[in-house]
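Read the structure below first, then the notes.
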Amino acid sequence: MEQGSHAGMHASDGASAVHPALTSGNFTFVYTPIPGLVIVDRRIFEDDRGSFQETYKRPDFESGGIDCDFVQLNQSTSVRGVLRGLHFQIDHPQAKLVRVVEGEVFDVAVDLRPESPTFGRWEGVTLSAENGRQFFVPRGMAHGFLVLSPTATFVYQCDDVYHPGDEGGIAWDDPDLAITWPELEAIEAEGGPILSEKDRHHLSLRAWKSARGLA
């Protein structure tokens, strides 16, 4: 897992070895330094027929401190080098439970809650079909991901519906955030990252804070 802040970035080897965790049922909830931002590992049962896994079970998630009424389920497919983000809804913030069902991405959340002790910090985690890991992103975060595999299918549950025209964003390459996107040099050599037109023009974190009187 990667971690960052305005003061700089540092990395850790193995989230569960560094951060407190709680196991409930077939899930282990790993608590990052950002309040409410949780990595979710789950047991995968395999035999000669294939595999089985629970991806969500409300009583266990409530025990792990995640109590949401998910109302929308989204899925996207992207090729290597696609970078989506950093996105949030302005007046209708969403909590998200995100996972990858095919391929691999580096997933990032940025704390945009002014009252939070980690306001302006980011956390990143590699999500893949192989590791089965999920990331719970609470309301008040900007979120994005970079595709590392040839293709990736990304699935996320939201606790509010999508509201057209309510989108906000922070620049993925903001120098103050200084997010350490893995494989970025190789992806740039391949002509990426691949961005939507909208994602090319998001505000820097500093400009976003200034526009809201938070500078």
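Just so you know, all these numbers are worked out from the coordinates, no wet-lab data involved. Nothing here was measured: the structure is a model prediction, and the numbers come from that model. A quick note on method: Cβ atoms are made from the backbone with ideal geometry, for glycine too, and the neighbour counts reach across all protein chains shown.
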Review point. Once the dipole of the chain is set up with Lys and Arg at +1 and Asp and Glu at -1 on Cβ about the Cα centre, which of PRO182, PRO193, ALA95 lies farthest towards its positive end?
Key: ALA95
Check your understanding: Over all distinct alpha-carbon pairs, what is the Kirkwood Rh of region 2-211 in angstrom?
Key -> 17.5 Å
Study note, to complete from the structure: Here, THR55 and ARG43, labelled 7 Å along Cα→Cβ, have an inter-label distance in nm of 2.0 nm
Point to revise | Förster radius 45 Å - calculated FRET efficiency between GLU115 and ALA189, Cβ distance, rounded to 0.05 | key: 0.65
Check your understanding: Using unit Cβ charges (K, R positive; D, E negative) and no other charged atoms, how large, in debye to the nearest 20, is the dipole of region 75-208 about its Cα centre?
Key -> 200 debye
Study note, to complete from the structure: Here the FRET efficiency for GLN72 versus VAL101, based on Cβ atoms and R0 = 25 Å and rounded to 0.05, is 0.90
Study note, to complete from the structure: Interchain or sequence-distant (5+) residues whose placed amide H lies within less than 5 Å of the amide H of THR151 are ARG80
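For LEU203 and LEU22, what does the FRET efficiency come to when R0 = 41 Å and r is the distance between their Cβ atoms, rounded to the nearest 0.05?
Working: r = 36 Å, r/R0 = 0.89.
The pair LEU203/LEU22 has a calculated efficiency of 0.70.
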Check your understanding: What is the gain in length, in nm to one decimal, between ARG212 and ASP176 on full extension, counting 0.36 nm per residue of separation less the C-alpha to C-alpha distance?
Key -> 11.2 nm
Exercise for review: Have a look at THR118, PRO20, GLN53 and report the one farthest towards the positive end of the charge dipole of region 2-211, computed about the Cα centre with Cβ charges (Lys/Arg +1, Asp/Glu -1).
Suggested key: THR118
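Using the number of other C-beta atoms within 10 angstrom as an exposure proxy, rank TRP122, TRP208, TRP172 with the fewest first. Could the numbers behind the result be given before it?
Details: TRP122 28, TRP208 19, TRP172 24.
Listed from fewest to most nearby Cβ atoms, that is TRP208, TRP172, TRP122.
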